Amino acid sequence: QVQLVESGGGLVQAGGSLRLSCTVSGRTFSKYAMGWFRQAPGKEREFVAAISWNGRTTYSGDFVKGRFTISRDNAKNTVYLQMNSLKPEDTAVYYCATGRGPSFTTWGASYDYWGQGTQVTVSS
């Protein structure tokens, strides 16, 4: 059974930083791309960032603008999302997801397993 467990969310003031982690079990983590998505109340799920199986290729949504960095440690079966210069509009539940193969996409339907989500709240 594949499980994804996220952590690191919380309440932070605007301009602050958070580091999200997502640990995967039940799958050979190093073979699959990973992605982060988010969903704010009343809004559709939004692509945040993704990383290829070996960590050499990453891609982020336009709104990130260099503020977020995705990385992975295949030895620890963990993907990270370092978020800096947070804004109130970044407030959302953040989800990690495993890709169906080694390369990533920005399309949520191409990810097959999802975590339970971690709340990020940015106060102004």
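Per-structure values
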| read-out | value |
| --- | --- |
| Candidates Ala49, Ala33 - the one that is open to solvent by less than 20 Å² (accessible area, probe 1.4 Å) and free of Cβ contacts under 8 Å to residues at least 40 places away in the same chain | Ala49 |
| Contacts under 7 angstrom Cβ, first residue in segment 103-117 being modelled with pLDDT of 95 or more, partner part of a strand (DSSP E or B) and surrounded by fewer than 17 Cβ atoms within 10 Å (Cβ to Cβ), 6 or more apart | Gly115/Val5 |
| Residue within segment 102-122 that is closer than 18 Å to Gln13 by Cβ, open to solvent by 20 Å² or more (accessible area, probe 1.4 Å), in a loop (DSSP other than H, G, I, E, B) and not aromatic (Phe, Trp, Tyr) present | no |
| Verdict on Gly42 being within 23 Å of Pro88 (Cα to Cα) and not polar (S, T, N, Q) | yes |
| Of all residues making up segment 60-80, the number that are surrounded by fewer than 16 Cβ atoms within 10 Å (Cβ to Cβ) and farther than 17 Å from Ser21 by Cβ | 5 |
| Residue under evaluation Met83, criteria (1) within 11 Å of the chain's Cα centre (by Cα); (2) closer than 17 Å to Ala33 by Cβ; (3) crowded, with 20+ Cβ neighbours inside 10 Å, criterion not met | (2) |
| Candidate set from segment 3-30 (those that are out of contact with any Lys or Arg (no Cβ under 8 Å at 6 or more places or on another chain) and among the polar types (S, T, N, Q)); member that is most open to solvent (accessible area, probe 1.4 Å) | Gln13 |
| Residue match in segment 65-80 (condition: assigned to a loop (DSSP other than H, G, I, E, B) and either of a type in the set (Asp, Glu) or closer than 20 Å to Trp107 by Cα (or both)) | yes |
| Subset of segment 6-62 [under 18 Å from Ala109 (Cβ atoms) and not in a strand (DSSP E or B)] | Tyr32, Ala33, Lys43, Glu44, Arg45, Gly61 |
| Lone qualifier among Asp73, Asp62 - being among the acidic types (Asp, Glu) and modelled with pLDDT under 95 | Asp62 |
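The values are calculated or read from the model by the stated rules, or taken from the named source; none is laboratory data. Please read these numbers as outputs of a predicted model, since none were measured by experiment. A quick note on method: Cβ atoms are made from the backbone with ideal geometry, for glycine too, and the neighbour counts reach across all protein chains shown. Accessible surface areas use protein heavy atoms only, side chains included; no ligands, DNA or RNA. Shrake-Rupley method; radii C 1.70, N 1.55, O 1.52, S 1.80 Å.
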